[in-house]
Every structure is written in structure tokens, then in C-alpha cells.
Amino acid sequence: MSKSNQPESPPAAPEQAVYVCEDEPDLAMAIESELAGRYRVVLSETGKEAMAAASAGRALLLVMDRGLKGADGLQLVEELRGKGDRTPVLMISGMSGVNDRIAGLRAGGDDYLVKPFAMAEFSARVDALARRLSDTPRTVLIAGSLSMELIARKVRRDGREIDLLPREFKLLEYFMRRPGLLVTRKMLLNDVWNYRFQVESKFVDAHIRNLRHKLDAPGEKRLIVNLRGEGFRLDAQG
Amino acid sequence: MRRVELFRSTPLRLAFAFALAMILLTGGVFSFVYVATTRAWIAQLQHVFVDEAEKAAASDEDRLRGALSLRLTRDFRRLNYVALYDSSGALVFGNFDHRPDIPVDGQARVVDDFRAAAGAEPEPTLLVARARPNGGVIVLGRSLDEVATLRRILARALSFAILPLAAAALAIGLFFSRRTASRIREIHRAIEAIMQGDLRARLPPSGIEELDGVIGSVNLMLDEIERLLGQLAAVGGNIAHDLRAPIVNVRATLEQALAATPKGDSLRAPVQSALRQIDRALTTIAALLRISSIENEHRHSAFCRIDLAALCAELQEFFLPLAQARGIAMTLAAETSVWRQGDADLMREAIANLVDNALKFTPRGGAVRIEAYERDGRGVIEVSDNGRGVPVAEVQDIFRRFARARDGADQPGVGIGLSIAGTIARLHRMELSVADNGPGARFILREQAPKGR
């Protein structure tokens, strides 16, 4: 269903695969079919194959359930990080407590998604992690006609300076670090506002509307587009 | 209020009775000492006097006179009055003129109002009259003014003792009465806390043995109630948990099916509708799980210093764009920091739920106001609107899990949000209440009075 947010460039070397450590067969299959169009997917019920693949550099990304049959996902990730392995890990878990989330991230998870989740949400996070978007140390972000100076905190579209409030700047920065990728409302809530609770989508939408209003002068093409029912995407070609 | 309570209290009345009893008892003891001492003393004197009169009566006239005058001058303390009458009854020798009216039988008697001379003050006197062999009569007398002196001394001692004694008895009574009253107040406070839903609270020991037995039983009963309620809550949580997994899987299946269905297919609409319904169910399940996890985790360990005013400002910023888009004025009054121990994520969630709720009930052109302040040392967060308000009858109802204002049925999830806010409030020792804002409603998160007040 997420063909629309398929990354423009192939994100990974073809021999690398997404290893999904999930012991619930239904969920594992749903994940496999979701990602199959874009990645090579290997299911690893106990996490063993995934650990071996990560050590051998064959894993593009690990999707790790915290509670596996006969194994603790948290412990596996800790082990992996202990060996100095930096393979991105997306933790998924039924445990939604803030402490659980912190434990997951502290163990070395790069992102933490609480079950139940929408597939689009899951997909967007996998794409972001597969591209290792968060750990690029840059001072200037460029996406199409948009440029953002992170230190001077200046944003320009085709040379025209755009005045943004601090939160709007943060919001746009999040998009510019993920050009062309699906950004869900939940990602924005979690990562831009640090909110761990559910709010209705209209509140985030209102912020996006305000941001668009500043980015798009009359007659200009819309840079942040809606992906119906899924979220938003910054149009990198814009 | 409290003074009246104190005087009404049984312990204080007991203290008064105790003080009175102490006074009476002390008076009694003093009286007993007085009576017993004087009686023993007079009896002894009588014995000596009878003896003395016998000897005197037997002596011859001249020796007796010499001896008596010597006694009167040298031994004044033991013999005050002497009178010697001859056989015709005329006074021969002596220092009083009026013969007392007592039988001449050699027995010592106490005359309460003896006057030595006509103008003298009457005083209690021990007198003995005895016939002499020559037909005359000898009368010996001894003033008992020591008895009066003793009585005066005892009365003065008593009057000096009685005031401090009464004061001490009252003070002791007051101390115990206050102590008992404060213990009872503590117990009362604990019961109030339990009534307000803090089932982990227990009654404090009173220090009164009989009462402690009752308190112990009540606490055991509370343990049992808490255990049972915990089981009930766990049942709800477990059901929600068990329902979630299959529903999530159904959702994933439907999503896949939808993705595989070409655009324009007649199956797309019903599948999309089913997905929406499933999402509603999942929202409810997530809220149920959320509430039970907040209730059960007791996450005081994650508490740190948070500024309630800053949280309000942050949430106002978050909700402002939508409020503006809807033509609702959203104002903030949180100039002064209100630092408290708490969980920032949970507090944000609680405030967000209140603001979300206020926005739902406020029409275009209305206003929502977020306030954070400190009053009487208690942190307060208020979210008020001028929307349609909350009918009085529904005020209590609204805090019940998942209840919602009846005419808000078109607004999904109002009750869920308030339930979550209420649960978070309790965890932070805060109370969530609602008041009329005329028009509109005012939701108030207020810290409970500090313990031990």
C-alpha cells in the first residue's frame, strides 16, 4: 500500500536485507509483504539469524520485537551494540510505558514503535532508518529549492528568506532530513514535540498548514504534500 | 471550628471531670489529715490532763498553789488556765474568773467557746474539773488554739496547692485530649484519602490500644479490597490486552487487502469503513491499557522537577494553530514558574486532554484559557472555556471512565481523555474537578493539601 512513498533511490546494497525478528506469524507476514516491494526481507523468529547477519554486515536493518520466543530482544540489541555493531535497529513492542521506551532506546534501539501500529507508520520508520537519515552531521540541508542553514537558523526557498518560529523550524528540519519520505503524524508528535500520547491528527495538521503557508508563496508549488491517511512528504524535487 | 470541636470532645470533658476529682480528693486528704491529727493530739492531751487533775486534787493546798503558779509561768504551753475553788465555791486561786459549766468528775472535756475573761475571744479549750478531798474543786484548762492554727495552715496549704493542681490536671487532660483529637483527625484524613480513591492509603496507628485493634482490622480489610480491585482492574487490562493482538492482526490483514485491491473496486469502501471502525476500537483499547498502566506502574520513580507553567505554555503553543484556524481565542496565563515533582510526559498528557476537551466543546468565536499558578502553596492548572459547559447532573458522571456529556456524543473520546487526565492527576496527588464557568466549563487540576496539615 505504500508504493507512493517508495524512496527515489534504492536505499541499500542489493545483498543487504531487512531482518525481521518477530515471533507472531501474522504480524511477521504483514511486515514481510509491506516491505517486500522495496527491500529483501528475511524473517528470523528467534533473532539468531539476524544477529549473525548483522555481525557479518549482511543486515541493512533489524526489526526487533522485544519479546521473542526464547529470547529477549532488548538483550540481543545490547549484545549487538556491545560488539560495536552500528546496524540500525527498529524496536517494536507491546510495552508502551515511557520507561519501556527509554529502556529500548538505551539498549541501543534507534527507534521504538509500540504495537499496535499502522503499516504506513512502520514503513516510514524503516525507510528513515534504512537511509540512516538521523546520523548525518551536516550544517546545511538542501531539498530541491529549499535550503536550511542549521547554525544560522535561516531557511530560503529559491533565495527568498522565510521567517520561521522555532517550532516551525524544527518541524521543517525534520522533513528536510527525510526528503521524499513519508513522515507520519505520529513521528512528528514523537520526535518534534516529544509527545508520547495520542492526539487527533487535526492538531498536527494545523501546524503543517501554518508551515505551508510560510513556505509556499501564492502560485508556488506545494512542497509538503499530504499522503492521504498516512502522513506527509517533503517533495524533494520541488 | 476546631476550638468548638475541642470543647465538645469527650476527652476534654473527661479532663474537666478528672481535674474536679483531683481537687475533691486533695481536699478530702487534707481534711482527713486535719481531723486525724487533731483527734489524736486532743486524746493525748486529755489523757495527760486527767492524770494531772488527779495529782493536783490529791496535793495539799500550799504545795498545789506553788506548783500551779510555777506551771503557769514556766510551763505556759502545757497549762494555760487554773482555778481553785474552796468548798463554798469561791475562787481561791486562778487566772480566770468564770467557772465553766462542766461536771466535776475528773474527765477532760473540750469546750468549744470557752472565755477566760468576760471580754476575751471564745476559743476551744480542754478543761477538766475535779473535787478535792477538802470539798473544794480544781479546774485545769488548756487552750486548743494550735488546732485552729493547724487548720489555718492546712487551709492555706490547700488553697496554694489547689490552683496549680487544677491547672496541671486540666493541662494533662488538654494534652491527652488534643493528642487524641489529632490522632482521630489523622485517621479521618486517611479515610478521606481512601474515599477519594487512594486505595493504597492506610489508617495510621493511634497509640490507643483498643482503637489500634480496630485500625488494624480496617487496614486488613483495605488490603483485601485493594487486592480485589487490583484483580478487577487487571481483568479489564487483560481483556484489553487480549483483544488488541487479534484486532491489530485483522487491521494489518485489511490494510494488505486494501493495498491489493485496485482503485475503483467496490470492495475498497467497506474495507476502509471497517478500518475506521477498527481504529476506533483500538483507540479505546489503547486508552484502557494506558489507564491501567498509569494506575499500576506507580511511576513515582520517574518523577523529577517539572515546571507546570512551562508545560502549559508548551501545550498552548501546540494547540494554538488549530484554535486559530477555528476562530477560537486561546490565551495563556502562566507567567510564574510552578515547580513540582512529577512526570513531565504524563502531566503533558493530562493537560493536553483537558485542552483537547475544551476545544471540542467551544464553538467558533469562543475562547479557551490555560492557567497555571500557585495558591496557598498548592499548584493549580486550570483549563476553562466558554462553550456549552457541563450540566450539573453530569459533573460526577464525567469523571467516570469513558463517560461523556450526553450532547457531546458526536465528539468522540471525551470521556477517555478526562479519565486519563484524572488518573494522571491522582498519581500526582492532584484532584481534577470541574466548575461552571458561566458559560462554559472550567476544569481544575489542583494539588491536594500537603500531608500532615
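Things to note:
- Only one of the listed residues (B:308, B:332) is more than 13 Å from chain A (Cβ to nearest Cβ), under 44 Å from the mean Cα position of the chain (by Cα) and surrounded by fewer than 21 Cβ atoms within 10 Å (Cβ to Cβ). That residue is B:332.
- Among the strands (runs of 3 or more DSSP E) confined to the range A:123-220, the ones with at least 1 residues that are open to solvent by 20 Å² or more (accessible area, probe 1.4 Å) and more than 10 Å from chain B (Cβ to nearest Cβ) are located at A:140-143, A:146-149, A:154-157, A:160-162.
- Selection status of residue B:277, surrounded by fewer than 17 Cβ atoms within 10 Å (Cβ to Cβ) and either at the interface with chain A (Cβ under 10 Å from one of its Cβ atoms) or within 30 Å of residue A:27 (Cβ to Cβ) (or both): yes
- Single condition residue B:209 does not satisfy, out of (1) open to solvent by 80 Å² or more (accessible area, probe 1.4 Å); (2) closer than 22 Å to residue B:18 by Cβ; (3) in contact (Cβ under 8 Å) with a residue 40 or more places away in the chain: (3)
- Within the range A:51-60, being open to solvent by less than 10 Å² (accessible area, probe 1.4 Å) and not in a helix (DSSP H, G or I) holds for one residue alone: A:59.
- Among residues of the range B:92-105 that are of a type in the set (Asp, Glu), those with a Cβ under 9 angstrom from a residue that is in a loop (DSSP other than H, G, I, E, B), sequence gap 6+ or separate chain, pair up as B:97/B:116; B:97/B:117; B:97/B:118.
- Applying the condition of being among the small types (Gly, Ala, Ser) and free of Cβ contacts under 8 Å to residues at least 40 places away in the same chain to the range A:72-95 and asking which residue is farthest from the other protein chains (Cβ to nearest Cβ) yields A:84.
- Selection of the range A:68-108 for residues being within 24 Å of residue B:346 (Cα to Cα) and of a type in the set (S, T, N, Q) yields A:93, A:96, A:99.
- For beta carbons closer than 7 Å, sequence separation of 6+ or different chains, a first residue in the range A:162-182 that is closer than 19 Å to residue A:206 by Cβ and a second that is assigned to a helix (DSSP H, G or I) and at pLDDT below 90, the qualifying pairs are A:174/A:191.
- All conditions in (1) closer than 15 Å to residue A:20 by Cβ; (2) open to solvent by less than 10 Å² (accessible area, probe 1.4 Å); (3) more than 14 Å from chain B (Cβ to nearest Cβ); (4) of a type outside the set (A, V, I, L, M, F, W, C) hold for residue A:104, with the sole exception of (1).
- Selection count where residues are acidic (Asp, Glu) and in contact with an Asp or Glu (Cβ under 9 Å, 6 or more places away or on another chain), scope the range A:138-186: 1
- Looking only at residues in the range B:353-383 that are buried (at least 23 other Cβ atoms within 10 Å of the Cβ) and under 40 Å from the mean Cα position of the chain (by Cα), the one that is nearest to the other protein chains (Cβ to nearest Cβ) is B:353.
- With respect to (1) within 14 Å of another protein chain (Cβ to nearest Cβ); (2) surrounded by 18 or more Cβ atoms within 10 Å (Cβ to Cβ); (3) among the small types (Gly, Ala, Ser), the lone exception for residue A:231 is condition (1).
Quick grid of which residues meet (1) assigned to a loop (DSSP other than H, G, I, E, B); (2) open to solvent by 20 Å² or more (accessible area, probe 1.4 Å); (3) modelled with pLDDT of 90 or more; (4) away from every other protein chain (no Cβ under 14 Å):
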residue	(1), (2), (3), (4)
A:8	yes, yes, no, yes
A:12	yes, yes, no, yes
A:29	no, yes, no, no
A:33	no, yes, no, no
A:38	yes, yes, no, no
A:42	no, yes, yes, yes
A:46	yes, yes, no, yes
A:49	no, yes, no, yes
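- Every pair of residues 6+ apart whose Cβ atoms lie under 8 Å, when the first sits in the range B:214-243 and is in contact (Cβ under 8 Å) with a residue 12 or more places away in the chain while the second is exposed (fewer than 13 other Cβ atoms within 10 Å of the Cβ): B:226/B:200
- Options B:261, B:284; residue that is in contact (Cβ under 8 Å) with a residue 40 or more places away in the chain and not hydrophobic (A, V, I, L, M, F, W, C): B:284
The values are calculated or read from the model by the stated rules, or taken from the named source; none is laboratory data. Predicted model, so just to flag it, every value in this text is computed and none were measured. Glycine gets a Cβ as well: all are built from the backbone with ideal geometry, and neighbour counts include every protein chain shown. Heavy atoms of the whole protein, side chains included, go into the accessibility calculation; ligands, DNA and RNA do not. Shrake-Rupley method; radii C 1.70, N 1.55, O 1.52, S 1.80 Å.
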